[in-house]
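One structure is given below, encoded as structure tokens.
The values are calculated or read from the model by the stated rules, or taken from the named source; none is laboratory data. Please read these numbers as outputs of a predicted model, since none were measured by experiment. FYI the Cβ positions are ideal-geometry reconstructions off the backbone, even for glycines, and counts take in every protein chain you see. Heavy atoms of the whole protein, side chains included, go into the accessibility calculation; ligands, DNA and RNA do not. Shrake-Rupley method; radii C 1.70, N 1.55, O 1.52, S 1.80 Å.
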Amino acid sequence: AITFASTDISRHVINGVFHHAEEHALIGTNGHQLGLLTIPDLPDDTDFILPPSRLLRNGVLSVGTGAIGVAEHNERQIVELHAGSWRYQVKCVDGLYPNYRQVIPPENSGFAGRISFAEDDNALIKATVKQFTDDDREFVYIYGDTERVVILNADVQEDGMRAHITLPNSTCSCDPPTVQAINGSYLLEGLKAGFNACLVPSEPAPWRCTGSMDGLHVVMPWRTEATERQHIAAFVDKTTT
């Protein structure tokens, strides 16, 4: 869950991972994307926010079995984790986590369709996104119709061409076609967590992605002018199969 949390040190509350007892879930968000992981066996009697410690980030505690408990000490929450040979205590973040539920679009909120990124395409998607993005250009375009899913570079060459890749195994149910501008890193983080079935809107609004992991990934696309979307759709229709 910490993959989706903010790395802005001035936002100490959303730097951490929120355990929401009512949902039996861990939540991480940076304000542009949100990951929610449902884990039924977590404590069900209290909410807490885990800080982004190096130990929690580096995966040392990722073992097959373990235990977790919460205690109150001097008005501060302390979480203790047992994982393999590790026993780790950490003071929780003192603060109020934002209402994350308000940014999660319901399944019936008028999506244009679904883009399903095939697991067999993950290596190709990763390589393409790494090539098409950099510090100056964080997003890629995703085009989808009932016949194909295409990733396109945001930059246009002098001859009007765009670098692009048609994903051989991924599918889309959008009719009419959809054009979405999405942060490449957020797309890869969601796919790595298993959230590969994405409900996409007709206008710029949050994606709702589910998949093999019990939970969901919400990511906000970049706003794109209607004329730009039309140009990309025309380019794909002319140049790809």
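Entry remark, segment 70-86: residues being closer than 24 Å to THR3 by Cβ and exposed (fewer than 12 other Cβ atoms within 10 Å of the Cβ) number 0 in total. Figure legend. Inter-residue proximity from segment 211-239: first residues modelled with pLDDT under 95 and of a type in the set (D, E, K, R), second residues surrounded by fewer than 17 Cβ atoms within 10 Å (Cβ to Cβ) and not in a helix (DSSP H, G or I), beta-carbon distance below 8 Å, spacing 6+ or different chains. Indicated pairs: ASP214/THR38; ASP214/ILE39; ARG223/PRO204. Kindly indicate whether ASN122 is part of a loop (DSSP other than H, G, I, E, B), open to solvent by 20 Å² or more (accessible area, probe 1.4 Å) and modelled with pLDDT of 95 or more. For ASN122, the condition - part of a loop (DSSP other than H, G, I, E, B), open to solvent by 20 Å² or more (accessible area, probe 1.4 Å) and modelled with pLDDT of 95 or more - is not met.
Looking at segment 167-185, can you tell me whether even one residue there is farther than 12 Å from ILE115 by Cβ, within 18 Å of the chain's Cα centre (by Cα) and open to solvent by 30 Å² or more (accessible area, probe 1.4 Å)? Yes, segment 167-185 contains a residue that is farther than 12 Å from ILE115 by Cβ, within 18 Å of the chain's Cα centre (by Cα) and open to solvent by 30 Å² or more (accessible area, probe 1.4 Å). VAL156 passes every criterion in (1) out of contact with any Phe, Trp or Tyr (no Cβ under 8 Å at 6 or more places or on another chain); (2) among the hydrophobic types (A, V, I, L, M, F, W, C); (3) not in a loop (DSSP other than H, G, I, E, B) apart from (3).
Of these, SER6, SER53, SER10, which one is of a type outside the set (Val, Ile, Thr) and closer than 24 Å to THR210 by Cα?
Details: SER53 fails: closer than 24 Å to THR210 by Cα; SER10 fails: closer than 24 Å to THR210 by Cα.
Criteria check complete, one pass: SER6.
Give the residue, chosen from GLU138, GLU189, that is more than 13 Å from ARG114 (Cα to Cα), open to solvent by 60 Å² or more (accessible area, probe 1.4 Å) and in contact with a helix residue (DSSP H, G or I) (Cβ under 9 Å, 6 or more places away or on another chain). Let's see the steps before the verdict.
Numbers: GLU189 fails: open to solvent by 60 Å² or more (accessible area, probe 1.4 Å).
After applying the criteria, what remains is GLU138.
Cβ-Cβ distances below 9 Å connect the following pairs, each with a first residue in segment 123-151 that is farther than 18 Å from HIS32 by Cβ, a second residue that is in a helix (DSSP H, G or I) and of a type in the set (Asp, Glu), and a separation of six or more residues or different chains: ASP145/ASP237; VAL149/ASP121. When segment 192-238 is filtered for residues that are polar (S, T, N, Q) and surrounded by 14 or more Cβ atoms within 10 Å (Cβ to Cβ), the ones remaining, listed by number, are ASN196, THR210, THR224.
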